[in-house]
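A.B. asks: Let me begin by handing over the structure; questions about it come next.
The values are calculated or read from the model by the stated rules, or taken from the named source; none is laboratory data. Only a predicted model underlies this, so the values are computations on that prediction, with no experimental measurement involved. Quick reminder, even Gly has a Cβ in these numbers, built from the backbone with ideal geometry, and neighbours come from all protein chains shown. In case anyone asks, the SASA skips ligands and DNA or RNA and just uses the protein heavy atoms, side chains included. Shrake-Rupley method; radii C 1.70, N 1.55, O 1.52, S 1.80 Å.
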Amino acid sequence: MKIGIFGQSNNEITIKYVNQLVELCKKHDVSIVFEENFFKSFDKLTQDANVETFSGYQDLNIGLDYFFSVGGDGTFLRSITYIRDLEIPVVGINTGRLGFLANIQKESISSAFDQIINGQYVVQKRSLLAVKTEDDNGSMGNLNFALNEITITRKNTASMIKVDTILDGEFLTSYWSDGLIVSTPTGSTGYSLSCGGPIISPSSKNIVLTPIAPHSLVVRPLVIPDQTNIELHIDSRADEILLTLDSRMYTLPNKSKVYLEKCPFYIKTLQLKDQTFIKTLREKLLWGEDKRN
């Protein structure tokens, strides 16, 4: 078995638990491939010149069985820029705060690793959104996808922007607001939720349109099928607007047209025993414990 490991190199807590993960790999005779910059954080390990590393997507088609993301949800989202369409299951170990995606707690690494080694898990496929722009994606290149959400927001202005929204060729509305969030089910517990969007199960085949601080009281989040083609026409008083794909930000000229659709590939995640979406909601959103008799 061979696994890839990625994390935040400036986080001492992350490094501590990665060392534990390395020891578990040695115990079970599991090969490790480190992300190159992350590997440089480990003084002890860097003395071993035989450790295999990768620096990008092009290096990962090497028969990895799992890809471990060690950090928070932000680290998990950065992990998928390496995985893309390779169908390598991503395992999120949470050394950060909330941990919806990185749902294995750092204190449970050992037991979770044993379950993975023994195949005691269910693979979940999580949908993504793909974006195209008039300039053929410009600086986005091949990273024109998002697991959580794609967001249009104002830039260099205190004024609202207008986002004309067209679904499958039919005009829906003009959102007058600070911006618009287009979210996957995975991202429904992120930025969209904080702006009043609904919580959606990761297995749902939907997309959520959530306006950010809309000018009209009657404008509400909208859930649509994930096969819908979305066309956005942006109008701002500033010369530029911001396009955000998860945590990656790009600048587009005013009057841009943005085209969104479901991505042709999925990201695979693992659900271990006793890990369910409902349990995660109770724990992370403080909905309380199950108090049934």
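A.B. asks: Suppose the filter is modelled with pLDDT under 90, farther than 20 Å from L270 by Cβ, hydrophobic (A, V, I, L, M, F, W, C) and buried (at least 19 other Cβ atoms within 10 Å of the Cβ); does F54 pass it?
C.D. replies: no
A.B. asks: Restricting to the stretch 114-131, name every residue that is touching a helix residue (DSSP H, G or I) at 6+ places or on another chain (Cβ under 9 Å) and of a type in the set (D, E, K, R).
C.D. replies: D114, R126
A.B. asks: Which one of V33, V70, V122 is of a type in the set (A, V, I, L, M), in a strand (DSSP E or B) and either surrounded by 22 or more Cβ atoms within 10 Å (Cβ to Cβ) or at pLDDT 95 or above (or both)?
C.D. replies: Result: V70 is the single residue among V33, V70, V122 that is of a type in the set (A, V, I, L, M), in a strand (DSSP E or B) and either surrounded by 22 or more Cβ atoms within 10 Å (Cβ to Cβ) or at pLDDT 95 or above (or both).
A.B. asks: Pairs only if they're at least six apart or on different chains, beta carbon under 7 angstrom, first in the stretch 98-116 and under 14 Å from D274 (Cα atoms), second of a type in the set (K, R); list them, first residue then second.
C.D. replies: Between residues of the stretch 98-116 that are under 14 Å from D274 (Cα atoms) and residues that are of a type in the set (K, R), the close pairs are Q115/K273.
A.B. asks: Of all residues being in a loop (DSSP other than H, G, I, E, B) and either acidic (D, E) or open to solvent by less than 50 Å² (accessible area, probe 1.4 Å) (or both) in the stretch 195-207, which is nearest to S177 (Cα to Cα)? Just the residue, please.
C.D. replies: That would be C195.
A.B. asks: Given the conditions (1) in contact (Cβ under 8 Å) with a residue 12 or more places away in the chain; (2) over 25 Å from S256 (Cβ atoms), and given that L222 satisfies all but one, which numbered condition is not satisfied?
C.D. replies: Among (1) in contact (Cβ under 8 Å) with a residue 12 or more places away in the chain; (2) over 25 Å from S256 (Cβ atoms), L222 violates only (2).
A.B. asks: Could you tell me which residue of the stretch 208-225 is farthest from the chain's Cα centre (by Cα), considering only residues that are surrounded by 18 or more Cβ atoms within 10 Å (Cβ to Cβ) and either assigned to a loop (DSSP other than H, G, I, E, B) or on the phi > 0 side of the Ramachandran plot (or both)?
C.D. replies: Applying the filter and picking the extreme gives P214.
A.B. asks: Just to be sure I understand, how many residues within the stretch 142-168 are closer than 12 Å to N254 by Cβ, charged (D, E, K, R) and not in a loop (DSSP other than H, G, I, E, B)?
C.D. replies: Number satisfying all stated conditions: 2.
A.B. asks: Next question, about the same structure. Have a look at T133, T153 and point out the one that is at pLDDT 95 or above and surrounded by fewer than 23 Cβ atoms within 10 Å (Cβ to Cβ).
C.D. replies: Unique residue meeting the criteria: T153.
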